[in-house]
2 protein chains.
Amino acid sequence: MAVYTDVSGEDVDGFLAQYALGEALSCVGIAEGIENSNFALTTTSGPFILTLYERRVSVADLPYFLGLMEHLAAVGVPCPTPVAGRDGRPLRQLNDRTAAIFTFLPGMWPRRIEPDHCAEIGEALARLHLAGADFDQARVNGLGVEDWRPILEETGQAVDELRPGLYDDVRRALDALDVDWPKSLPIGAIHADLFPDNVFFRSGRVSGIIDFYFACTDAFAYDVAICLNAWCFEKDLSFNITKARRLLNGYGRVREFSAAERDALPTLARGAAMRFLVTRLFDWFNTPEHALVTPKDPLEYWDRFRFHATVDEPGAYGLD
Amino acid sequence: MAVYTDVSGEDVDGFLAQYALGEALSCVGIAEGIENSNFALTTTSGPFILTLYERRVSVADLPYFLGLMEHLAAVGVPCPTPVAGRDGRPLRQLNDRTAAIFTFLPGMWPRRIEPDHCAEIGEALARLHLAGADFDQARVNGLGVEDWRPILEETGQAVDELRPGLYDDVRRALDALDVDWPKSLPIGAIHADLFPDNVFFRSGRVSGIIDFYFACTDAFAYDVAICLNAWCFEKDLSFNITKARRLLNGYGRVREFSAAERDALPTLARGAAMRFLVTRLFDWFNTPEHALVTPKDPLEYWDRFRFHATVDEPGAYGLD
């Protein structure tokens, strides 16, 4: 829960003067989100979200992220649309941060995941992938397979404090991933962070997909593998094959998996678990003691990795 | 910044079914507030605030607080109005908490206090006092003059860690307050916590007064004295007599001070500083290390107390 940069009434009035959105009625910091400062902004034109970008988002990447959201929203993917100012641009400065206003999306993220949610998110993800096909910008995945080892090495042997032998186990897992990682799967714009708190539902349907700040050009099936990790494990870290089956078959109804994608799924799922394992390990050992955000338990992703390491064919995920 | 109790979409839907407010569109935790969990709730009927009461608010006091807000709102004081459910009642249970829905108020609290704000808040406070005159409920001030010593004693000699000799200095100050405290000033419903973050402004006028969870029956002039402490000191803790003059004369334009109230102002101001000093001292030594809310510096209120201790007549506050 975090608002890193505060915004005063004068700040909001001055900022809104650069838009044709009427006058500010209210601007309240939102407790959710861990990367940026977000505010529920209500103007005489209605509700919006005001985002101030904090240090973890590279300003150079913002045109890609906002361009993608605009592109997807235009073809019906329910994602926030950046609102352009009177100058035609969506990005400007506010309190020494780059900032933007977005359309408001109804719905709430699901606190308890049901199989129906998984079917819906599978379909929505496939639609997102198809909708992004003619998006003309590209962005390298900054947290791709070749980035995990340097992140582990920077975190260092200290990870053994969490579990003896973890550092060497993860290194060996990275060695195997380097060998197994598929190189020629269909790629395009992927969300790359589609966790439940980034998806709003209303009346059982996906009503909003938010937080595109890890989006990049990478394998579609890798995005699916991230969702397998994010949506299909229970709190006790047991794998729920019913949820996985609904998710994969929901996806497949909208965009068919190629044979290569199906075969790669276990490796991609290991890689997705590894991606969150190494960044959580890094955050665990590099978050200041009094930070606004408490780091999340990295070992949850080591458990997920170990599950995927036992899977040698996509049928184990329930794929028909 | 805190949301202590989370609320899911299913929770909100079930809760809203007990009201005639339409369907939920969105419910987002608000980063502000330190006592309760607050959500920006948007329904098909418009924006509302959903509050879940946490342990620091006594459920037995809620009918007083909500009754007062309802009473004040009905006579034009811009404060949240509790919304009654289909059963005619504003209070019910949600996730093991007592909860209520309130009307949404436009405006933002001022981050930088200008003398104009002080004139406005003086007037608004006097209007609140007059509007509460015919409110028929009473509540003893749980943080009144006789409560400060037990709070100090429970905190204990440890306060000397903050400043050597502080415990004895505060005890002596309490001795003097016991002697000097005025006993027969005009009383009524007071807010008792009217800090800048509890007051919304819009276009330079007070558009909302919130957070009535310290409201009680006590001397009107004591409420004014709390505002002198809350609104009229600069960040470096110097007293700004221009702000105090504007505040007091704003108040006086709406409700005239009696001679006894004027004379008591320095003592009341010392008492108001003492009230926040002792509770901040208590919180400083009794807040768990990983609490969501960081305790505020108590010594700011010792500095304020020492300023008021040098004041022997109300003219020093700029009262005409």
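Which one of these is modelled with pLDDT of 95 or more, more than 14 Å from every other protein chain (Cβ to nearest Cβ) and under 19 Å from B:LEU185 (Cα atoms): B:LEU281, B:LEU265, B:LEU277, B:LEU319?
Result of the check over B:LEU281, B:LEU265, B:LEU277, B:LEU319: B:LEU265.
For region A:22-38, give me each residue that is within 23 Å of B:THR103 (Cβ to Cβ), touching a Ser or Thr at 6+ places or on another chain (Cβ under 8 Å) and open to solvent by less than 20 Å² (accessible area, probe 1.4 Å).
Scanning region A:22-38 gives A:ALA24, A:SER26, A:CYS27, A:GLY29.
Can you confirm whether B:LEU72 is within 13 Å of another protein chain (Cβ to nearest Cβ) and modelled with pLDDT of 95 or more?
Details: within 13 Å of another protein chain (Cβ to nearest Cβ): no; modelled with pLDDT of 95 or more: yes.
Criteria not met by B:LEU72.
If you go through region B:22-38 one residue at a time, how many are in contact with a Gly (Cβ under 8 Å, 6 or more places away or on another chain), small (Gly, Ala, Ser) and in a loop (DSSP other than H, G, I, E, B)?
Counting residues in region B:22-38 that are in contact with a Gly (Cβ under 8 Å, 6 or more places away or on another chain), small (Gly, Ala, Ser) and in a loop (DSSP other than H, G, I, E, B) gives 1.
Can you tell me which residue is modelled with the lowest pLDDT among those in region B:1-21 that are assigned to a loop (DSSP other than H, G, I, E, B), crowded, with 16+ Cβ neighbours inside 10 Å and facing another protein chain (nearest Cβ under 9 Å)?
Here the residue is B:MET1.
Do you know which residues across region A:224-239 are part of a loop (DSSP other than H, G, I, E, B) and touching a residue at least 12 places away in the same chain (Cβ under 8 Å)?
Scanning region A:224-239 gives A:CYS232, A:LEU237.
Give all pairs with beta carbons closer than 6 Å in which a residue from region B:304-317 that is open to solvent by 60 Å² or more (accessible area, probe 1.4 Å) meets a residue that is among the hydroxyl-bearing types (Ser, Thr, Tyr); count only pairs at least 6 apart in sequence or on separate chains.
That search, which allows pairs on different chains as well, returns nothing.
Would you point out the residue of region B:114-125, among those that are surrounded by fewer than 18 Cβ atoms within 10 Å (Cβ to Cβ) and within 14 Å of another protein chain (Cβ to nearest Cβ), that is nearest to B:PHE239 (Cα to Cα)? First the steps, then the outcome.
Residues of region B:114-125 that are surrounded by fewer than 18 Cβ atoms within 10 Å (Cβ to Cβ), as a first pass: B:114-116.
Now narrow it down to the ones that are within 14 Å of another protein chain (Cβ to nearest Cβ): B:114, B:116.
Details: B:GLU114: 13, B:ASP116: 16 Å.
The residue in question is B:GLU114.
Just the residues that are within 14 Å of another protein chain (Cβ to nearest Cβ), open to solvent by 10 Å² or more (accessible area, probe 1.4 Å) and in a strand (DSSP E or B), please, taken from region B:164-213.
B:PHE200, B:PHE201, B:ARG202, B:ARG205, B:VAL206, B:SER207
Filter region A:60-91 for residues that are among the hydroxyl-bearing types (Ser, Thr, Tyr) and in contact (Cβ under 8 Å) with a residue 24 or more places away in the chain and give the result.
Once the filter is applied, which keeps residues that are among the hydroxyl-bearing types (Ser, Thr, Tyr) and in contact (Cβ under 8 Å) with a residue 24 or more places away in the chain, region A:60-91 yields only A:TYR64.
What number of residues within region B:39-55 satisfy the criterion of being over 22 Å from A:LEU50 (Cβ atoms), among the polar types (S, T, N, Q) and either open to solvent by 20 Å² or more (accessible area, probe 1.4 Å) or within 12 Å of chain A (Cβ to nearest Cβ) (or both)?
Qualifying residue count for the region: 2.
Take B:CYS79 and tell me if it is open to solvent by less than 10 Å² (accessible area, probe 1.4 Å), within 14 Å of another protein chain (Cβ to nearest Cβ) and of a type in the set (A, V, I, L, M, F, W, C).
Considered against the rule, which asks whether it is open to solvent by less than 10 Å² (accessible area, probe 1.4 Å), within 14 Å of another protein chain (Cβ to nearest Cβ) and of a type in the set (A, V, I, L, M, F, W, C), B:CYS79 comes out as no.
Under 9 Å by Cβ, and 6 or more places apart or on different chains, what pairs join a residue from region B:158-174 that is more than 13 Å from B:PHE282 (Cα to Cα) and touching a residue at least 40 places away in the same chain (Cβ under 8 Å) with one that is in a loop (DSSP other than H, G, I, E, B) and open to solvent by less than 40 Å² (accessible area, probe 1.4 Å)?
So the pair list comes out as B:LEU166/B:PRO298; B:LEU174/B:VAL145.
Can you go through A:LEU94, A:LEU128 and tell me which one is touching a strand residue (DSSP E or B) at 6+ places or on another chain (Cβ under 8 Å) and within 14 Å of another protein chain (Cβ to nearest Cβ)? Break it down stepwise before answering.
Working: A:LEU128 fails: within 14 Å of another protein chain (Cβ to nearest Cβ).
Answer to the selection: A:LEU94.
Which of the residues spanning region B:214-263 are closer than 21 Å to B:PRO110 by Cβ, among the aromatic types (Phe, Trp, Tyr) and open to solvent by 10 Å² or more (accessible area, probe 1.4 Å)?
Selection gives B:PHE214, B:PHE233, B:PHE239.
The values are calculated or read from the model by the stated rules, or taken from the named source; none is laboratory data. Only a predicted model underlies this, so the values are computations on that prediction, with no experimental measurement involved. Cβ: placed from backbone, ideal geometry, glycine included. Neighbour counts: every protein chain shown. Side chains included, ligands, DNA and RNA excluded: accessible areas come from the protein's heavy atoms. Shrake-Rupley method; radii C 1.70, N 1.55, O 1.52, S 1.80 Å.
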